[in-house]
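Each remark here refers to the structure printed beneath this line.
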Amino acid sequence: MGELRRRLRFGLLGQIVLLVTILLVISLLFVSALFIRKVDEIVEEDAGNTAMAVAKLAAKDDTILQHLEERDNDDAIQQESLKIQQNSGADYVVIADTNGIRISHPEPERIGKPTKTSNDQVLEEGKEVIYEGYGISGYAVKAKTPIRNESGDIIGVASVGFLKHNLNDQILSYLQEVLIWFLLIFAVGLLGAYLVAKRVKKLIYGLEPEEISFLFKEKETTLASIKDATIAIDRKGHITSINRRAQEIFKRKSVLEDAIDQTNLQSLYQAVLADGEGRYNKYTFVAGDIYIVDASPIREAEETWGVVFTLRPESEVIDVSETIAKMKQQADQMRASNHEFMNKLNTLYGLISLQQYDKALRLISEEVEEQQSVVNVLMASIKEPMIAACLLGKFNRAKELKVILTIDESSSMNVDMRPEATEKIVTIIGNLLENAFESASKHQGTEGKVYVSFTDLGQELIFDIEDNGKRLSEKEKQAVLVDGYSTKKEAGDGHGIGLTIVQAALEKLDGALYYGDSEAGGTLATVVLPKGSVENGSDERSDSGR
């Protein structure tokens, strides 16, 4: 039974056509009925006026007046009456005397008999009357008028009628014309309804109302499940959809409102509308915080209809990036240590196999002395173990790359740091050292050198990292501070992200990065951090202070 109901149920196209058809039929029937009623009234009124005009004509006819007053030739009155009836198109013209006796009638056998309807108003009061009623010939529209002689005396009555069934034939002919127009208008309206309904179906991709309802609910559920803030704005500037996360950010609880009052997002919105091109991974200040924003155009038939914004908090992205960077550093350190260990182990194995015991002992002594020397320097100059571990790992990484890493023994960093600040400093130093290693190794080969020094004198922490690799031009020194910049010619997706992470970490610590020329012939990178932003017990700056 349910399946049968589904089969009998009209689709949206059928429903629109059926609705328009019903409205057309009702409207046309109503108009037609009103038209026929008015035509009927007009025809009857016209028939009454015509009957009265014919009756007056008969009442003033010379032949009828002459013979009616003298009553000397009733046949002449009959012939004249029939002539007037034929010329006027009336169904009957009857002449009666003052006693109401017919002198003329279209049916001769009726002559000499009294009229069926009263003549009192005409004969006694001298009035002219128009009315409808039944007579011996049937229901008719009638007119009666007195016949007066030259003295003004009433000598008879002239009665003219138009039978109703003949008038109905006339009305029916009008109705046939109306019916033709009715069918023509109905056909045009039905075709128009079909074309409109078909266009509506096309605009909604052929979906039925219940399918549209499902898609709307599905869209709401999908938006609610997205953790990133998502908001859609049409080309009129109204919000058409917004998920919970975006509602929290923009303090909006509903859709179809004016566009969000955020200048940066408005600029992105106008730019996407103007050229139809999306904007992605844009660091933008929104609602008092920094977000990474994607702006995607909503396009249909080569036209942009709106923009969808997706916002991710910068802090979440940076946390993920920092985690990845730390994992990469740890993997690099483990790989470098393992590689160096295997090299030394193989060398020792060879020396022992050749019974070169003195050289083997000397190699072990030098290796332990070098490693211990670096560890001693780091332990003496740096209070924070994580930073010391980072530099030790990079020392092993440099050996793997055949780059000489020198740590200034006069360096000092005895500040008690907050854990969050330590993690960010490790991220900064680790990425800058990697860049220095790559530059030195690429341009100097096994002669590559990198120098590190740091100090906590004064109110700031200062790290200097210099290499003997490529020296940056003034233009490159400015460009290197832009998100995603890379000096690698083969740079593409993924290159330059290290510097982006460095910039984000520096911003969290109110720090700054400067590039200059190294005395070794390459580049000098200087990191400056206020002590107040890293020391343990100090409050991390608020987002509103950015």
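Which one is nearest to I239 (Cα to Cα), of the residues in region 299-309 that are at pLDDT 80 or above and surrounded by fewer than 18 Cβ atoms within 10 Å (Cβ to Cβ)? For region 299-309, the residue satisfying everything is V308.
Whether any residue in region 397-413 is within 20 Å of S533 (Cα to Cα) and of a type outside the set (F, W, Y) is what I want to check. Quick ask: steps written out before the conclusion?
The first filter runs over region 397-413 and keeps only residues within 20 Å of S533 (Cα to Cα), leaving 412-413.
Filter again for of a type outside the set (F, W, Y), leaving 412-413.
Within region 397-413, one or more residues are within 20 Å of S533 (Cα to Cα) and of a type outside the set (F, W, Y).
For region 91-159, please list each of the strands (runs of 3 or more DSSP E) lying entirely inside it that holds at least 3 residues being under 18 Å from K60 (Cα atoms). Quick ask: steps written out before the conclusion?
Details: elements: 92-96, 102-104, 129-135, 138-148.
Answer list for region 91-159: 92-96, 102-104, 138-148.
Being free of Cβ contacts under 8 Å to residues at least 40 places away in the same chain and under 30 Å from G14 (Cα atoms) holds for only one residue in L123, L172, L190, L183, and it is L183. Taking the listed residues K359, K424, K442, K402, the one that is open to solvent by 20 Å² or more (accessible area, probe 1.4 Å), under 19 Å from G511 (Cβ atoms) and either at pLDDT 85 or above or not hydroxyl-bearing (S, T, Y) (or both) is K424, with no other qualifying. Cβ-Cβ distances below 8 Å connect the following pairs, each with a first residue in region 16-28 that is touching a residue at least 60 places away in the same chain (Cβ under 8 Å), a second residue that is surrounded by 14 or more Cβ atoms within 10 Å (Cβ to Cβ) and aromatic (F, W, Y), and a separation of six or more residues or different chains: V17/Y194; L24/F186; V25/F186; L28/F182; L28/F186.
Scanning region 89-123 for residues that are open to solvent by 50 Å² or more (accessible area, probe 1.4 Å) and among the hydrophobic types (A, V, I, L, M, F, W, C) yields a count of 2. Taking each residue of region 225-249 that is farther than 20 Å from T263 by Cα and looking for partners that are at pLDDT 80 or above and outside any strand (DSSP E or B) with beta-carbon atoms closer than 8 Å, six or more apart or interchain, yields I226/N243. Here region 132-151 is the region considered, the condition is being among the hydroxyl-bearing types (S, T, Y) and surrounded by 13 or more Cβ atoms within 10 Å (Cβ to Cβ), and the residue that is nearest to I64 (Cα to Cα) is T145.
The values are calculated or read from the model by the stated rules, or taken from the named source; none is laboratory data. Small disclaimer: the values here were computed from a predicted structure and weren't measured. Heads up, the Cβs are rebuilt from the backbone with ideal geometry, glycines too, and the neighbour counts pull from every protein chain shown. These area figures cover heavy atoms from the full protein model, side chains too; ligands, DNA and RNA do not enter into them. Shrake-Rupley method; radii C 1.70, N 1.55, O 1.52, S 1.80 Å.
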